[in-house]
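Worksheet for the structure shown next.
The values are calculated or read from the model by the stated rules, or taken from the named source; none is laboratory data. Note that the structure is predicted; figures quoted are calculated from it, not measured. Cβ sites come from the backbone with ideal geometry, for glycine too, and all protein chains shown count toward neighbours.
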Amino acid sequence: MRGVAVGLLIALVILSCARPYMPGEGVDKRQEILNLWTQIRQWRHEHSWDLEPPSSLIQYSRNQSVREARNVCPDGTRTPPTCGDVCSLSEDICDNAERICTLADELGKDDQFAQEKCSSAKASCREGQQRCCDCKKNPPAPAGVAP
């Protein structure tokens with residue numbers, strides 16, 4: 001009987017550890033904002049962008065929504081395969097910005113930390129969207145193809 005109880009206890013521990021991480025589950029909103037914002041900075045670093053978007057772009061994005069920050073390219077612009085990475089990265093950044101700004105709104109306009117991270121994330125979203133648009137206008141040649 002004791003062995004069965006121990007076995008059930010171990011099974012419960014394993015199942016609770018095996019659950020996928022769900023953002024917001026038991027995490028402070030500011031910590032979730034910081035995690036998402038840090039992920040944006042990590043992506044920027046991995047793609048050799050400056051860690052932060054230009055301060056002028058942060059100022060410009062401050063009063064925009066994430067939807068407005070995303071709205072850079074003309075609708076219907078096709079993404080060539082050679083631009084897939086930068087355009088996917090841009091969408092991921094904008095998705096994080098959307099969540100950051102939702103959390104910042106929940107924390108209120110007086111929460112300076114949350115509002116600053118939201119502005120930074122929106123600026124990163126806009127910058128990423130601009131990089132995607134620029135790539136679509138002037139796509140690089142596929143690897144192994146001479147210009």
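Tell me which residues, restricted to the stretch 105-118, are farther than 14 Å from Thr38 by Cα and part of a helix (DSSP H, G or I).
Those that are farther than 14 Å from Thr38 by Cα and part of a helix (DSSP H, G or I): Asp105, Glu106, Leu107, Gln112, Gln115.
Condition first: within 11 Å of the chain's Cα centre (by Cα) and modelled with pLDDT of 95 or more. Can you find one or more residues in the stretch 127-134 that meet it?
yes
Would you mind finding the one in Cys132, Cys101 that is of a type outside the set (S, T, N, Q), more than 27 Å from Gln31 (Cβ to Cβ) and surrounded by 22 or more Cβ atoms within 10 Å (Cβ to Cβ)?
Cys132
Can you confirm whether the stretch 72-85 contains a residue that is closer than 23 Å to Asp111 by Cα and of a type in the set (D, E, K, R)?
Looking through the stretch 72-85, none of the residues is closer than 23 Å to Asp111 by Cα and of a type in the set (D, E, K, R).
Can you tell me which of Ser16, Ser56, Ser90 is at pLDDT below 85 and in a helix (DSSP H, G or I)?
None of the other options fit; the residue is Ser16.
Scan the stretch 120-129 for residues that are crowded, with 23+ Cβ neighbours inside 10 Å and in contact with a Cys (Cβ under 9 Å, 6 or more places away or on another chain) and jot them down.
Hits for the stretch 120-129 are Ala121, Lys122, Ser124, Cys125, Arg126, Gly128.
Of all residues in the stretch 71-98, which are β-branched (Val, Ile, Thr), crowded, with 18+ Cβ neighbours inside 10 Å and without any contact (Cβ under 8 Å) to a residue 60 or more places away in the chain?
Val86, Ile93
Output the residue which, of all residues in the stretch 59-82 that are of a type in the set (Ser, Thr, Tyr) and in a helix (DSSP H, G or I), is nearest to Asn138 (Cα to Cα).
Taking the candidates together, the pick is Thr82.
Would you mind telling me which numbered condition in (1) exposed (fewer than 15 other Cβ atoms within 10 Å of the Cβ); (2) farther than 15 Å from Asn96 by Cβ; (3) at pLDDT 90 or above Arg67 fails?
Every condition holds for Arg67 apart from (2).
Could you grab me the full set of residues in the stretch 86-116 that are more than 14 Å from the chain's Cα centre (by Cα) and more than 13 Å from Ser65 (Cα to Cα)?
Residues satisfying the conditions are Glu106, Leu107, Gly108, Lys109, Asp110, Asp111, Gln112, Phe113, Ala114, Glu116.
Does the stretch 45-85 hold any residues that are within 15 Å of the chain's Cα centre (by Cα) and under 16 Å from Cys135 (Cβ atoms), and which are they?
The answer is His47, Trp49, Arg70, Asp85.
Within the stretch 30-64, which residues are out of contact with any Lys or Arg (no Cβ under 6 Å at 6 or more places or on another chain), within 24 Å of Asp85 (Cα to Cα) and free of Cβ contacts under 8 Å to residues at least 60 places away in the same chain?
Asn35, Thr38, Gln39, Arg41, Gln42, Trp43, His45, Glu46, His47, Ser48, Asp50
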